[in-house]
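The values are calculated or read from the model by the stated rules, or taken from the named source; none is laboratory data. Quick caveat: nothing in here was measured; it's all calculated off a predicted structure. Note: ideal-geometry Cβ built from the backbone for every residue, glycine included; neighbour counts use all protein chains shown. The accessibility values were calculated without ligands, DNA or RNA, using every heavy atom of the protein model including side chains. Shrake-Rupley method; radii C 1.70, N 1.55, O 1.52, S 1.80 Å.
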Amino acid sequence: MRTTVSSRTHATLRYTALRLGIFLGCLVVVSVLAYAGIIPEGIGRSNPFWVLLLALVLSAPLSYVLLRRQREAMAEQVASGVDRARSRLAANRSMEDDDADDAARDSAGPEAEPATATAEADAAGSADTARGRGPAVTGSSSS
């Protein structure tokens with residue numbers, strides 16, 4: 001038993017091919033009608049441009065109506081691809097942040113940690129002194 005490929009895996013390709021097919025069908029119909037004289041062929045040498053333009057104008061609403069399901073499948077495929085790209089980008093950013101943090105810790109060395117602890121203690125002590133809780137430093141100078 002073979003597993004079939006999901007209908008959403010090639011939704012963009014399927015939608016594009018069907019849209020092109022509808023356009024080509026309209027082009028053939030308009031060309032035959034112009035050749036038979038049922039619709040005007042255009043003015044002078046404008047026949048190819050007129051036929052292409054009329055086929056395009058006819059195929060656009062037909063594609064809009066007839067290819068609704070394929071267009072929705074294509075939109076879901078594109079949206080899931082964007083979501084996957086966003087999650088990969090977020091994962092890469094977090095990995096870069098972790099690598100940068102590790103590199104900063106490695107370059108600081110072991111002597112940086114006590115200095116940080118001392119600086120934090122000094123900051124806490126000066127805050128306590130400013131609030132009147134810590135020991136007051138007297139400014140006695142011996143001359």
Two-site label geometry, residue 93 and residue 79: point separation in nm, points 7 Å out along Cα→Cβ
2.2 nm
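Please list 18, 56 from largest to smallest accessible area, probe radius 1.4 Å, with all protein chains kept in place.
Numbers: 18 70, 56 95 Å².
The ranking, largest first, comes out as 56, 18.
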Heavy atoms only, 1.4 Å probe, whole protein assembly: order 64, 15, 35 by accessible area, highest first.
35, 64, 15
